[in-house]
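Scroll down for the structure; my scribbles are underneath it.
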Amino acid sequence: MRWEGRRQSDNVEDVRGSGGGGMRGGGMRIPIRAGGGGGIGLIVIALVLWFGFGINPLQFLGMLEGGGGNYETSQTSQGPGVQGTPDKTDDFVATVLADTEDVWTKRFQDMGQTYKKPVLVLFDGQVNSACGFAQSATGPFYCPRDTKLYIDLSFFRQLSGQLNAPGDFAQAYVVAHEVGHHVQNLLGTLPKTDEARQRASDEAQANAISVRVELQADCYAGIFAHDDQDAGYIETGDIDEALNAANRIGDDTLQRESQGRVVPDSFTHGTSAQRVSWFRKGLESGDMKACDTFAGNL
């Protein structure tokens, strides 16, 4: 991804190190963290929560109420935040966030609406949000109560290593997905689906609604990639990196690797094939109407 030397968003809040706030302009670099004990099962279960992308991990923790094929990269760029490379992750994330601001500001203008830019909070280890207390194991998440995205940047090393999804555009996909939840919130989708989950007759039905929410955020991430491609920021291999990441974090893939079996009723984010498919729909169509995951079969 062509990102160096480009505009960075001012809407980044760095609360690392001190436990306090303050807009971007300082803070400690996050060290590389060794994998925790407990075996691969616990690691992958944690990764399932990490890729809740804002809604389901907090619901699991009781903090927020309501609310395929295989792809190989043809040219995998190491990207920021990957062990062995200079850590420019702060700048990279701020640039990606700026891109999302440009994409969605224009999209909302075309709809006759105003895009309210979210704040992205960088934290280290743990953080207090309007949705409650969260730790790094929660993973990147979006809180609709304060309209902020939260990311511990050490997650990108886990993404590259434990999830085998390297590359800078795999990281951009993560950020774009979280912003996709913000778009859902602004358009009123999240409040409606939160209510629908609360009315669900059982957990399986509630999970099925969550899957549609997550897949739409994947499609919106594809919309972002479509517009970034039109702007000339996409390099060879970038799209493959995002597709590989989507493939690696499907519920079926994670369950198969962690427990050796797949339990469809417990899916909350969609299969690998679904996540790839919906990202592709946004990417190839560039049409938000194509991202209606709530109509018909997935």
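The values are calculated or read from the model by the stated rules, or taken from the named source; none is laboratory data. None of the values given here were measured: they were computed from a predicted structure. Glycine also receives a Cβ, built like all others from the backbone with ideal geometry; neighbour counts cover every protein chain displayed.
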Scan of the stretch 251-292 for residues that are under 25 Å from D202 (Cα atoms) and of a type in the set (S, T, N, Q), ordered by number: T253, Q255, S258, Q259, S266, T268, T271, S272, Q274
State whether the residues of the stretch 127-144 include one that is modelled with pLDDT under 90 and within 21 Å of N244 (Cα to Cα). yes
Based on what the data block shows, is L298 in a helix (DSSP H, G or I) and either hydrophobic (A, V, I, L, M, F, W, C) or surrounded by fewer than 22 Cβ atoms within 10 Å (Cβ to Cβ) (or both)? no
How many of the residues making up the stretch 192-242 are touching a His at 6+ places or on another chain (Cβ under 8 Å) and either at positive phi or among the hydroxyl-bearing types (S, T, Y) (or both)? 2
Checking R261 against (1) assigned to a loop (DSSP other than H, G, I, E, B); (2) within 21 Å of F141 (Cα to Cα), which test does it fail? (2)
For the stretch 224-238, which positions are loosely packed, with under 15 Cβ neighbours inside 10 Å and of a type in the set (A, V, I, L, M, F, W, C)? A231
Leading residue by the ranking (nearest to E13 (Cα to Cα)) among those in the stretch 125-140 that are under 15 Å from the mean Cα position of the chain (by Cα) and surrounded by 20 or more Cβ atoms within 10 Å (Cβ to Cβ): P140
Select from the stretch 189-220 the residues that are in contact with a Ser or Thr (Cβ under 9 Å, 6 or more places away or on another chain) and among the charged types (D, E, K, R) and write down the one among them that is surrounded by the fewest Cβ atoms within 10 Å (Cβ to Cβ). E203
Could you count how many residues in the stretch 101-116 are among the basic types (K, R) and surrounded by fewer than 18 Cβ atoms within 10 Å (Cβ to Cβ)? 2
Quick check on this structure: which one of D146, D240, D228, D168 is among the charged types (D, E, K, R) and touching a Cys at 6+ places or on another chain (Cβ under 9 Å)? D146
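Given D194, D228, D252, which one is of a type in the set (D, E), closer than 19 Å to E101 by Cβ and part of a helix (DSSP H, G or I)?
That would be D228, the only listed residue that is of a type in the set (D, E), closer than 19 Å to E101 by Cβ and part of a helix (DSSP H, G or I).
Here are some residues: L97, L122. Which one is in contact with an Asp or Glu (Cβ under 6 Å, 6 or more places away or on another chain), surrounded by 20 or more Cβ atoms within 10 Å (Cβ to Cβ) and not aromatic (F, W, Y)?
Result: L122 is the single residue among L97, L122 that is in contact with an Asp or Glu (Cβ under 6 Å, 6 or more places away or on another chain), surrounded by 20 or more Cβ atoms within 10 Å (Cβ to Cβ) and not aromatic (F, W, Y).
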Inside the stretch 141-173, can you point out the residues that are part of a helix (DSSP H, G or I), surrounded by fewer than 22 Cβ atoms within 10 Å (Cβ to Cβ) and not polar (S, T, N, Q)? R157
Note on the stretch 174-188: residues assigned to a helix (DSSP H, G or I) and surrounded by fewer than 19 Cβ atoms within 10 Å (Cβ to Cβ) are L186
Give the residue, chosen from E284, E235, that is in a helix (DSSP H, G or I), of a type in the set (D, E) and more than 13 Å from Y173 (Cα to Cα). E284
